[in-house]
1. Do you know which of the residues in region 13-30 that are among the hydrophobic types (A, V, I, L, M, F, W, C) and modelled with pLDDT of 70 or more is nearest to Trp90 (Cα to Cα)?
2. Return only the number of the condition from (1) touching a residue at least 40 places away in the same chain (Cβ under 8 Å); (2) buried (at least 18 other Cβ atoms within 10 Å of the Cβ); (3) hydrophobic (A, V, I, L, M, F, W, C) that Val42 does not satisfy.
3. Looking at Thr86 and the list (1) surrounded by fewer than 16 Cβ atoms within 10 Å (Cβ to Cβ); (2) touching a residue at least 24 places away in the same chain (Cβ under 8 Å), which single condition is not satisfied?
4. Checking the conditions here, which among Lys50, Lys55 is out of contact with any helix residue (DSSP H, G or I) (no Cβ under 8 Å at 6 or more places or on another chain), part of a loop (DSSP other than H, G, I, E, B), modelled with pLDDT of 75 or more and surrounded by 10 or more Cβ atoms within 10 Å (Cβ to Cβ)?
5. Within region 65-113, count every residue that is part of a strand (DSSP E or B) and either more than 21 Å from Asp40 (Cα to Cα) or among the charged types (D, E, K, R) (or both).
6. Could you check Glu30 against (1) in a loop (DSSP other than H, G, I, E, B); (2) more than 16 Å from the chain's Cα centre (by Cα); (3) over 24 Å from Arg17 (Cα atoms) and say which number it fails?
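The values are calculated or read from the model by the stated rules, or taken from the named source; none is laboratory data. Because the structure is a prediction, the values reported are computed rather than measured. Please note: Cβ atoms are built from the backbone with ideal geometry, for glycine as well, and neighbour counts cover all protein chains shown.
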Amino acid sequence: MAIAKNGGLVYSTEHGRMCPACRRPEAQCECRAAAPPAGDGVARVSRETKGRGGKAVTVVKGLPLAADELAKLGKQLRTRCGSGGTLKDWVLEIQGDHVEIVVAELVKLGFKAKKVGG
């Protein structure tokens, strides 16, 4: 068990990592899950391969949506691309190189989207 400098529990062998703000396990934390990160409202779509064994992944960042709405949008985009993916920390990851399809779909749904990177 580790104790933070301000006296709060940061890790427990029973629950894993703890949220320093609400002192609950990260899986049950409500303070971080409620607020998406502030941005300019433009979805940035890029292709990444770094740290993935050379496999391409389409990454969507900056969507101004709540977690449940973002999960629904991710499901819709993955279905449109015909591939798998995940949602991690308000970042959608879609397996494969689908940047053009994702940008077109986001624009069609009314979001501001732009391709980022080479």
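1. Residues of region 13-30 among the hydrophobic types (A, V, I, L, M, F, W, C): 18-19, 21-22, 27, 29.
Now drop any that are not modelled with pLDDT of 70 or more, which leaves 18-19, 21-22, 29.
Details: Met18: 19, Cys19: 17, Ala21: 19, Cys22: 20, Cys29: 15 Å.
Among residues in region 13-30 that are among the hydrophobic types (A, V, I, L, M, F, W, C) and modelled with pLDDT of 70 or more, the one nearest to Trp90 (Cα to Cα) is Cys29.
2. If we test Val42 against (1) touching a residue at least 40 places away in the same chain (Cβ under 8 Å); (2) buried (at least 18 other Cβ atoms within 10 Å of the Cβ); (3) hydrophobic (A, V, I, L, M, F, W, C), just (2) comes out false.
3. With respect to (1) surrounded by fewer than 16 Cβ atoms within 10 Å (Cβ to Cβ); (2) touching a residue at least 24 places away in the same chain (Cβ under 8 Å), Thr86 is out only on (2).
4. On the way: Lys50 fails: surrounded by 10 or more Cβ atoms within 10 Å (Cβ to Cβ).
One residue alone meets the criteria, Lys55.
5. Step one: list which residues in region 65-113 are part of a strand (DSSP E or B), which gives 85-88, 91-96, 112-113.
From the residues that got through so far, the ones that are either more than 21 Å from Asp40 (Cα to Cα) or among the charged types (D, E, K, R) (or both) too are 85-86, 88, 93-96, 112.
So the count comes out to 8.
6. It is condition (3) that Glu30 fails.
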